[in-house]
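The values are calculated or read from the model by the stated rules, or taken from the named source; none is laboratory data. The shown structure was predicted, so the numbers you read here are calculated from the model rather than taken from an experiment. Every residue, glycine as well, gets a Cβ built from its backbone with ideal geometry; the counts of neighbours run over all protein chains shown. Accessible surface areas use protein heavy atoms only, side chains included; no ligands, DNA or RNA. Shrake-Rupley method; radii C 1.70, N 1.55, O 1.52, S 1.80 Å.
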Amino acid sequence: MEKRGGEAVEGVTVSNKQVILREYVSGFPREDDMEVVLRKEMKLEVPRGSSAVLVKNLYLSCDPYMRHLMSPTPPSSIFSSYTPRSPITVFGVAKVVDSGNPEFKVGDLVWGTAGWEEYSLITDPQALFKIEHTDVPLSFYTGILGMPGITAYFGFYEVCSPKKGEYVFVSAASGAVGQLVGQFAKLAGCYVVGSAGSKEKVDLLKSKLGFDDAFNYKEERNLDAALKRYFPQGIDIYFENVGGKMLDAVLLNMRTRGRIAACGMVSQYNLDPPEGVTNLMHIVYGRVRIEGFVVFDYFNQYSKFLDSVLPHIREGKIVYIEDIAEGLENGPSALLENVGGKTLNVVLLNMRFHGRIAACGITLDYNLDRAENAIANLMHIVYKRVRIEGFDHYDKYSEFLDFLVPYIEGGKIVYVEDVAEELQRGPPALIGLFSGNNVGKQVVLV
(Lines give C-alpha, C1' and ligand atoms only; values in the text may rest on other atoms or scores of the structure.)
Protein backbone atom coordinates (compact mmCIF):
# COMPACT_ATOMS: atom_id res chain seq x y z
CA MET A 1 0.00 0.00 0.00
CA GLU A 2 1.42 3.38 -1.00
CA LYS A 3 1.78 5.97 1.76
CA ARG A 4 3.02 9.53 1.88
CA GLY A 5 3.94 11.06 5.20
CA GLY A 6 2.53 8.04 7.00
CA GLU A 7 -0.92 8.43 5.43
CA ALA A 8 -2.64 6.26 2.85
CA VAL A 9 -3.24 8.24 -0.35
CA GLU A 10 -5.87 8.46 -3.04
CA GLY A 11 -6.31 5.45 -5.28
CA VAL A 12 -4.70 2.77 -3.13
CA THR A 13 -6.56 -0.16 -1.53
CA VAL A 14 -6.67 -0.45 2.26
CA SER A 15 -8.33 -2.38 5.06
CA ASN A 16 -10.91 -0.29 6.92
CA LYS A 17 -11.41 -0.80 10.65
CA GLN A 18 -15.05 -0.16 11.69
CA VAL A 19 -17.26 -0.23 14.78
CA ILE A 20 -20.59 -1.88 13.94
CA LEU A 21 -23.81 -2.44 15.87
CA ARG A 22 -24.38 -6.17 16.25
CA GLU A 23 -28.13 -6.07 16.92
CA TYR A 24 -30.69 -3.58 18.15
CA VAL A 25 -30.44 -2.80 21.86
CA SER A 26 -33.01 -3.04 24.65
CA GLY A 27 -32.26 -1.36 27.98
CA PHE A 28 -28.78 -0.13 28.82
CA PRO A 29 -26.30 -0.92 26.04
CA ARG A 30 -23.23 -3.09 26.64
CA GLU A 31 -19.86 -3.07 24.94
CA ASP A 32 -20.60 -6.42 23.31
CA ASP A 33 -23.60 -4.84 21.56
CA MET A 34 -20.90 -3.32 19.35
CA GLU A 35 -18.03 -4.99 17.55
CA VAL A 36 -14.78 -3.83 15.95
CA VAL A 37 -14.37 -5.43 12.52
CA LEU A 38 -11.86 -5.14 9.69
CA ARG A 39 -13.34 -4.63 6.24
CA LYS A 40 -10.92 -5.53 3.47
CA GLU A 41 -10.39 -4.19 0.00
CA MET A 42 -11.54 -0.55 0.29
CA LYS A 43 -10.21 1.58 -2.56
CA LEU A 44 -9.41 5.16 -1.55
CA GLU A 45 -11.27 6.92 -4.33
CA VAL A 46 -14.83 8.08 -4.93
CA PRO A 47 -16.92 6.38 -7.63
CA ARG A 48 -16.35 7.88 -11.04
CA GLY A 49 -18.84 10.67 -11.79
CA SER A 50 -19.90 10.86 -8.16
CA SER A 51 -20.15 14.06 -6.08
CA ALA A 52 -19.18 12.10 -2.95
CA VAL A 53 -16.26 12.84 -0.66
CA LEU A 54 -13.92 10.20 0.81
CA VAL A 55 -12.38 11.11 4.18
CA LYS A 56 -9.87 9.78 6.69
CA ASN A 57 -11.47 10.19 10.10
CA LEU A 58 -9.34 11.87 12.75
CA TYR A 59 -11.73 12.36 15.69
CA LEU A 60 -15.12 10.72 16.20
CA SER A 61 -17.68 11.92 18.73
CA CYS A 62 -19.55 10.06 21.48
CA ASP A 63 -22.95 11.63 22.21
CA PRO A 64 -25.98 10.58 24.29
CA TYR A 65 -28.42 10.80 21.36
CA MET A 66 -26.66 7.77 19.83
CA ARG A 67 -28.51 5.51 22.27
CA HIS A 68 -31.80 6.22 20.47
CA LEU A 69 -30.38 5.10 17.15
CA MET A 70 -29.55 1.69 18.62
CA SER A 71 -33.28 0.90 18.83
CA PRO A 72 -35.25 -0.47 15.87
CA THR A 73 -37.77 2.38 15.98
CA PRO A 74 -36.23 5.86 16.32
CA PRO A 75 -38.20 8.33 18.47
CA SER A 76 -38.59 10.81 15.61
CA SER A 77 -38.53 10.92 11.84
CA ILE A 78 -35.55 13.28 11.97
CA PHE A 79 -33.42 10.27 12.91
CA SER A 80 -32.75 6.95 11.23
CA SER A 81 -31.89 3.91 13.32
CA TYR A 82 -28.50 2.31 12.90
CA THR A 83 -28.44 -0.74 10.66
CA PRO A 84 -27.24 -3.91 12.42
CA ARG A 85 -23.92 -5.22 11.09
CA SER A 86 -23.15 -1.78 9.61
CA PRO A 87 -20.92 1.01 10.92
CA ILE A 88 -22.37 3.36 13.53
CA THR A 89 -22.74 6.94 12.27
CA VAL A 90 -21.49 9.85 14.37
CA PHE A 91 -20.22 13.41 14.12
CA GLY A 92 -16.51 13.55 13.40
CA VAL A 93 -13.51 15.53 12.20
CA ALA A 94 -11.79 14.23 9.07
CA LYS A 95 -9.36 14.94 6.24
CA VAL A 96 -10.42 14.67 2.60
CA VAL A 97 -8.62 11.84 0.76
CA ASP A 98 -10.53 12.05 -2.53
CA SER A 99 -13.40 14.19 -3.76
CA GLY A 100 -15.85 14.33 -6.62
CA ASN A 101 -17.37 17.50 -5.18
CA PRO A 102 -16.11 20.92 -6.29
CA GLU A 103 -16.66 22.32 -2.79
CA PHE A 104 -14.03 20.01 -1.27
CA LYS A 105 -10.51 19.21 -2.39
CA VAL A 106 -7.94 16.65 -1.27
CA GLY A 107 -6.34 17.73 1.99
CA ASP A 108 -9.30 19.81 3.23
CA LEU A 109 -10.21 19.42 6.89
CA VAL A 110 -13.94 18.95 7.52
CA TRP A 111 -16.41 18.07 10.24
CA GLY A 112 -19.86 16.54 9.99
CA THR A 113 -21.58 13.17 9.86
CA ALA A 114 -19.33 10.18 9.20
CA GLY A 115 -19.11 6.48 9.96
CA TRP A 116 -17.44 5.17 13.11
CA GLU A 117 -14.56 3.84 11.04
CA GLU A 118 -11.12 4.80 9.75
CA TYR A 119 -12.32 5.88 6.30
CA SER A 120 -15.80 7.06 5.32
CA LEU A 121 -17.39 7.65 1.94
CA ILE A 122 -19.71 10.67 2.38
CA THR A 123 -22.34 10.45 -0.34
CA ASP A 124 -24.13 13.62 0.83
CA PRO A 125 -21.43 16.25 1.37
CA GLN A 126 -24.07 18.81 2.35
CA ALA A 127 -23.64 17.32 5.82
CA LEU A 128 -19.99 18.46 5.88
CA PHE A 129 -18.56 21.76 7.11
CA LYS A 130 -15.14 22.87 5.92
CA ILE A 131 -12.80 23.75 8.79
CA GLU A 132 -11.29 27.18 8.14
CA HIS A 133 -9.86 27.92 11.58
CA THR A 134 -7.00 25.62 12.62
CA ASP A 135 -5.52 27.75 15.41
CA VAL A 136 -7.65 25.75 17.86
CA PRO A 137 -7.48 21.97 18.50
CA LEU A 138 -9.15 19.98 15.70
CA SER A 139 -10.97 17.90 18.30
CA PHE A 140 -12.93 21.06 19.24
CA TYR A 141 -14.95 20.52 16.07
CA THR A 142 -16.53 17.45 17.65
CA GLY A 143 -17.47 19.60 20.67
CA ILE A 144 -17.37 23.33 21.31
CA LEU A 145 -17.09 24.24 17.59
CA GLY A 146 -19.31 21.39 16.39
CA MET A 147 -22.71 19.94 17.17
CA PRO A 148 -22.57 20.33 21.01
CA GLY A 149 -21.40 23.95 20.76
CA ILE A 150 -24.14 24.90 18.29
CA THR A 151 -26.67 23.17 20.54
CA ALA A 152 -25.54 25.08 23.63
CA TYR A 153 -25.28 28.44 21.89
CA PHE A 154 -28.63 28.55 20.12
CA GLY A 155 -30.46 26.62 22.84
CA PHE A 156 -29.40 29.20 25.41
CA TYR A 157 -29.47 32.44 23.45
CA GLU A 158 -32.35 31.74 21.05
CA VAL A 159 -34.66 29.44 23.02
CA CYS A 160 -34.01 30.75 26.56
CA SER A 161 -33.61 34.47 25.69
CA PRO A 162 -31.50 35.24 28.80
CA LYS A 163 -31.50 38.57 30.59
CA LYS A 164 -28.75 39.92 32.80
CA GLY A 165 -29.23 38.95 36.44
CA GLU A 166 -31.45 35.92 35.80
CA TYR A 167 -31.07 32.62 37.64
CA VAL A 168 -29.98 29.70 35.44
CA PHE A 169 -29.88 25.98 36.25
CA VAL A 170 -28.07 23.47 34.02
CA SER A 171 -28.40 19.70 34.49
CA ALA A 172 -25.69 17.32 33.23
CA ALA A 173 -23.60 20.46 33.51
CA SER A 174 -20.19 18.87 32.99
CA GLY A 175 -21.19 17.28 29.68
CA ALA A 176 -20.34 18.46 26.17
CA VAL A 177 -23.31 20.85 26.03
CA GLY A 178 -23.87 21.71 29.70
CA GLN A 179 -20.37 23.02 30.38
CA LEU A 180 -20.82 25.56 27.57
CA VAL A 181 -24.31 26.64 28.60
CA GLY A 182 -22.98 27.55 32.05
CA GLN A 183 -20.20 29.66 30.55
CA PHE A 184 -22.59 31.37 28.11
CA ALA A 185 -24.83 32.16 31.10
CA LYS A 186 -21.92 33.83 32.91
CA LEU A 187 -21.05 35.84 29.79
CA ALA A 188 -24.69 37.01 29.73
CA GLY A 189 -24.44 38.22 33.32
CA CYS A 190 -26.57 35.46 34.86
CA TYR A 191 -26.24 33.49 38.10
CA VAL A 192 -25.71 29.83 37.18
CA VAL A 193 -25.75 26.56 39.12
CA GLY A 194 -25.05 23.14 37.62
CA SER A 195 -25.71 19.56 38.67
CA ALA A 196 -23.40 16.63 37.98
CA GLY A 197 -22.88 13.05 39.16
CA SER A 198 -19.61 13.13 41.11
CA LYS A 199 -17.55 15.31 43.44
CA GLU A 200 -14.85 15.62 40.79
CA LYS A 201 -17.32 16.97 38.25
CA VAL A 202 -18.84 19.37 40.78
CA ASP A 203 -15.38 20.69 41.65
CA LEU A 204 -14.64 21.12 37.94
CA LEU A 205 -17.79 23.17 37.40
CA LYS A 206 -16.89 25.56 40.19
CA SER A 207 -13.12 25.75 39.84
CA LYS A 208 -12.54 25.69 36.08
CA LEU A 209 -15.81 26.29 34.25
CA GLY A 210 -16.91 29.33 36.24
CA PHE A 211 -20.26 28.15 37.61
CA ASP A 212 -21.40 30.13 40.67
CA ASP A 213 -22.26 26.87 42.41
CA ALA A 214 -22.86 23.19 41.71
CA PHE A 215 -24.09 20.04 43.44
CA ASN A 216 -23.93 16.27 43.11
CA TYR A 217 -27.48 15.13 42.42
CA LYS A 218 -26.63 11.59 43.57
CA GLU A 219 -26.08 12.89 47.09
CA GLU A 220 -29.44 14.67 47.25
CA ARG A 221 -32.34 12.66 48.63
CA ASN A 222 -34.81 15.42 47.81
CA LEU A 223 -34.11 17.27 44.56
CA ASP A 224 -36.84 19.83 45.25
CA ALA A 225 -35.20 20.75 48.56
CA ALA A 226 -31.79 20.91 46.89
CA LEU A 227 -33.02 23.33 44.23
CA LYS A 228 -34.69 25.51 46.85
CA ARG A 229 -31.38 25.61 48.69
CA TYR A 230 -29.45 26.74 45.63
CA PHE A 231 -32.22 28.89 44.17
CA PRO A 232 -34.19 30.43 47.07
CA GLN A 233 -35.48 33.03 44.59
CA GLY A 234 -36.48 30.37 42.05
CA ILE A 235 -35.19 29.52 38.56
CA ASP A 236 -35.65 31.74 35.50
CA ILE A 237 -33.97 29.45 32.96
CA TYR A 238 -33.53 25.69 33.04
CA PHE A 239 -31.41 24.05 30.36
CA GLU A 240 -32.85 20.54 30.35
CA ASN A 241 -30.47 17.67 29.63
CA VAL A 242 -31.75 15.02 32.06
CA GLY A 243 -35.56 14.70 32.33
CA GLY A 244 -37.39 12.47 34.81
CA LYS A 245 -37.15 13.31 38.51
CA MET A 246 -34.93 16.32 37.93
CA LEU A 247 -37.41 17.94 35.55
CA ASP A 248 -40.22 17.22 37.99
CA ALA A 249 -38.32 18.99 40.78
CA VAL A 250 -37.39 21.92 38.55
CA LEU A 251 -41.04 22.57 37.67
CA LEU A 252 -41.71 23.18 41.37
CA ASN A 253 -39.01 25.87 41.42
CA MET A 254 -39.52 27.80 38.18
CA ARG A 255 -40.18 31.52 38.51
CA THR A 256 -43.09 33.22 36.77
CA ARG A 257 -42.58 33.23 32.98
CA GLY A 258 -39.51 31.04 33.29
CA ARG A 259 -38.12 29.26 30.23
CA ILE A 260 -37.03 25.65 29.85
CA ALA A 261 -34.94 24.67 26.82
CA ALA A 262 -35.63 20.97 26.24
CA CYS A 263 -32.31 19.80 24.80
CA GLY A 264 -32.28 16.16 25.93
CA MET A 265 -33.38 13.79 28.68
CA VAL A 266 -30.46 11.43 29.13
CA SER A 267 -31.87 9.76 32.26
CA GLN A 268 -34.67 8.34 30.10
CA TYR A 269 -32.76 7.00 27.12
CA ASN A 270 -32.40 3.45 28.46
CA LEU A 271 -35.87 3.19 30.05
CA ASP A 272 -38.86 1.51 28.42
CA PRO A 273 -41.27 3.01 29.25
CA PRO A 274 -39.65 6.28 30.36
CA GLU A 275 -40.38 7.81 33.75
CA GLY A 276 -43.31 10.18 33.99
CA VAL A 277 -43.35 13.81 35.08
CA THR A 278 -46.16 14.84 37.41
CA ASN A 279 -45.77 18.54 38.23
CA LEU A 280 -46.89 19.94 34.89
CA MET A 281 -49.60 22.14 36.43
CA HIS A 282 -46.78 24.45 37.49
CA ILE A 283 -46.36 25.30 33.82
CA VAL A 284 -49.83 26.80 34.01
CA TYR A 285 -49.48 28.56 37.35
CA GLY A 286 -46.06 30.01 36.53
CA ARG A 287 -46.79 30.75 32.84
CA VAL A 288 -43.67 28.72 32.15
CA ARG A 289 -42.54 27.99 28.59
CA ILE A 290 -40.98 24.63 27.70
CA GLU A 291 -39.61 24.48 24.17
CA GLY A 292 -37.87 21.66 22.39
CA PHE A 293 -35.24 22.30 19.75
CA VAL A 294 -32.93 20.29 17.52
CA VAL A 295 -29.44 21.39 16.51
CA PHE A 296 -30.05 20.71 12.80
CA ASP A 297 -32.39 23.72 12.74
CA TYR A 298 -29.42 26.01 13.36
CA PHE A 299 -26.74 24.57 11.07
CA ASN A 300 -27.49 27.32 8.54
CA GLN A 301 -26.33 29.87 11.14
CA TYR A 302 -22.95 28.23 11.70
CA SER A 303 -20.95 31.26 10.56
CA LYS A 304 -22.81 33.47 13.06
CA PHE A 305 -21.98 30.96 15.77
CA LEU A 306 -18.28 30.93 14.88
CA ASP A 307 -18.11 34.73 14.80
CA SER A 308 -19.44 34.83 18.35
CA VAL A 309 -17.66 31.89 19.98
CA LEU A 310 -14.18 31.83 18.42
CA PRO A 311 -13.10 35.18 19.94
CA HIS A 312 -14.12 33.97 23.41
CA ILE A 313 -12.03 30.80 22.95
CA ARG A 314 -8.99 32.73 21.74
CA GLU A 315 -9.27 35.21 24.63
CA GLY A 316 -9.62 32.42 27.19
CA LYS A 317 -13.12 33.53 28.21
CA ILE A 318 -14.49 30.07 27.38
CA VAL A 319 -12.71 26.83 28.27
CA TYR A 320 -13.67 23.36 27.10
CA ILE A 321 -13.06 19.99 28.73
CA GLU A 322 -12.58 16.94 26.51
CA ASP A 323 -12.13 13.26 27.31
CA ILE A 324 -10.31 11.64 24.38
CA ALA A 325 -10.14 7.85 24.03
CA GLU A 326 -7.33 6.90 21.67
CA GLY A 327 -7.95 4.15 19.14
CA LEU A 328 -11.15 3.21 17.33
CA GLU A 329 -11.46 0.00 19.36
CA ASN A 330 -11.93 2.10 22.54
CA GLY A 331 -14.97 3.86 21.10
CA PRO A 332 -17.67 1.52 22.48
CA SER A 333 -16.48 1.81 26.09
CA ALA A 334 -16.19 5.60 25.73
CA LEU A 335 -19.74 5.76 24.40
CA LEU A 336 -21.15 3.77 27.33
CA GLU A 337 -19.51 6.16 29.77
CA ASN A 338 -21.22 9.04 27.95
CA VAL A 339 -24.65 7.53 27.74
CA GLY A 340 -24.78 6.62 31.14
CA GLY A 341 -50.79 12.06 32.24
CA LYS A 342 -52.40 9.69 29.74
CA THR A 343 -54.03 12.26 27.43
CA LEU A 344 -50.99 14.48 27.14
CA ASN A 345 -48.89 11.36 26.53
CA VAL A 346 -51.00 10.61 23.47
CA VAL A 347 -50.95 14.26 22.36
CA LEU A 348 -47.16 14.44 22.54
CA LEU A 349 -46.82 11.29 20.46
CA ASN A 350 -48.98 12.88 17.76
CA MET A 351 -47.73 16.47 17.76
CA ARG A 352 -46.44 17.81 14.46
CA PHE A 353 -43.08 19.55 14.11
CA HIS A 354 -43.00 23.00 15.77
CA GLY A 355 -46.42 22.32 17.29
CA ARG A 356 -47.66 24.47 20.18
CA ILE A 357 -49.42 23.37 23.38
CA ALA A 358 -51.16 26.07 25.42
CA ALA A 359 -51.08 24.82 29.02
CA CYS A 360 -54.43 26.13 30.30
CA GLY A 361 -55.11 23.38 32.85
CA ILE A 362 -54.60 19.68 33.68
CA THR A 363 -57.94 18.62 35.10
CA LEU A 364 -56.96 14.99 35.68
CA ASP A 365 -54.61 16.20 38.42
CA TYR A 366 -56.93 18.66 40.18
CA ASN A 367 -58.27 16.09 42.67
CA LEU A 368 -54.89 14.62 43.61
CA ASP A 369 -52.60 15.68 46.45
CA ARG A 370 -49.77 14.64 44.19
CA ALA A 371 -50.27 14.30 40.48
CA GLU A 372 -50.34 10.65 39.44
CA ASN A 373 -50.94 10.99 35.73
CA ALA A 374 -47.27 11.10 34.89
CA ILE A 375 -46.36 12.28 31.41
CA ALA A 376 -43.74 9.97 29.96
CA ASN A 377 -43.34 11.06 26.34
CA LEU A 378 -41.56 14.36 26.98
CA MET A 379 -38.65 13.61 24.63
CA HIS A 380 -41.09 14.36 21.80
CA ILE A 381 -40.87 18.00 22.89
CA VAL A 382 -37.21 17.91 21.86
CA TYR A 383 -37.45 15.95 18.61
CA LYS A 384 -40.49 17.81 17.28
CA ARG A 385 -39.47 21.26 18.59
CA VAL A 386 -42.79 21.49 20.43
CA ARG A 387 -43.51 24.49 22.68
CA ILE A 388 -45.57 24.09 25.88
CA GLU A 389 -46.44 27.36 27.59
CA GLY A 390 -48.61 28.44 30.50
CA PHE A 391 -50.24 31.83 30.15
CA ASP A 392 -52.19 34.66 31.81
CA HIS A 393 -53.46 37.59 29.73
CA TYR A 394 -55.98 39.46 31.91
CA ASP A 395 -54.11 42.67 31.07
CA LYS A 396 -55.38 42.35 27.47
CA TYR A 397 -59.08 42.15 28.34
CA SER A 398 -60.12 45.21 26.31
CA GLU A 399 -58.31 43.84 23.26
CA PHE A 400 -60.15 40.55 23.81
CA LEU A 401 -63.57 42.29 23.96
CA ASP A 402 -62.88 44.29 20.80
CA PHE A 403 -62.12 41.03 19.00
CA LEU A 404 -64.87 38.79 20.39
CA VAL A 405 -68.02 40.92 20.87
CA PRO A 406 -68.62 41.54 17.15
CA TYR A 407 -68.52 37.78 16.49
CA ILE A 408 -71.05 37.13 19.28
CA GLU A 409 -73.34 39.92 18.06
CA GLY A 410 -73.05 38.60 14.52
CA GLY A 411 -73.94 35.06 15.60
CA LYS A 412 -70.61 33.72 14.37
CA ILE A 413 -69.67 32.36 17.82
CA VAL A 414 -72.01 30.34 20.05
CA TYR A 415 -71.40 29.40 23.66
CA VAL A 416 -72.78 26.48 25.67
CA GLU A 417 -73.55 26.85 29.38
CA ASP A 418 -74.64 24.30 31.98
CA VAL A 419 -76.70 26.30 34.48
CA ALA A 420 -77.52 24.96 37.96
CA GLU A 421 -80.41 26.99 39.39
CA GLU A 422 -80.31 28.07 43.06
CA LEU A 423 -77.31 28.40 45.31
CA GLN A 424 -77.77 25.06 47.09
CA ARG A 425 -77.21 23.30 43.80
CA GLY A 426 -73.78 24.85 43.53
CA PRO A 427 -71.83 22.17 45.48
CA PRO A 428 -73.13 19.17 43.46
CA ALA A 429 -72.58 21.15 40.26
CA LEU A 430 -68.99 21.79 41.30
CA ILE A 431 -68.43 18.10 42.10
CA GLY A 432 -69.93 17.22 38.74
CA LEU A 433 -67.52 19.62 37.10
CA PHE A 434 -64.58 17.86 38.79
CA SER A 435 -65.92 14.56 37.46
CA GLY A 436 -66.42 15.86 33.93
CA ASN A 437 -70.24 15.73 34.03
CA ASN A 438 -70.77 19.31 32.87
CA VAL A 439 -71.64 20.29 29.31
CA GLY A 440 -69.98 23.58 28.47
CA LYS A 441 -69.37 26.26 31.07
CA GLN A 442 -70.75 25.35 34.50
CA VAL A 443 -72.66 28.25 36.07
CA VAL A 444 -74.76 28.60 39.24
CA LEU A 445 -77.80 30.88 38.97
CA VAL A 446 -78.39 32.44 42.40
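Listed values, structure above:
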{"read-out": "Around residue 153: net Lys/Arg minus Asp/Glu count, Cβ-Cβ under 12 Å", "value": "-1"}
{"read-out": "Within the stretch 98-150: Cβ-based charge dipole about Cα centre, in debye rounded to nearest 20 (Lys, Arg +1; Asp, Glu -1)", "value": "120"}
{"read-out": "Global form of the stretch 223-299, assessed from the alpha-carbon gyration tensor, a/c cut-off 1.5", "value": "oblate"}
{"read-out": "For the stretch 15-162: accessible area per residue (Å², 1.4 Å)", "value": "43"}
{"read-out": "Rg over Rh, two decimals, the stretch 186-239 (C-alpha only, Kirkwood Rh)", "value": "0.95"}
{"read-out": "Whether the stretch 172-309 is rounded, prolate or oblate, judged on the alpha carbon gyration tensor where a/c under 1.5 counts as rounded", "value": "rounded"}
{"read-out": "Loop trypsin sites (Lys or Arg not before Pro), the stretch 250-326, which have at most 14 other Cβ atoms in a 10 Å radius of their Cβ (DSSP)", "value": "317"}
{"read-out": "Projected-area average for the stretch 72-223 over all orientations - Cα convex hull basis, square nanometres", "value": "12.5"}
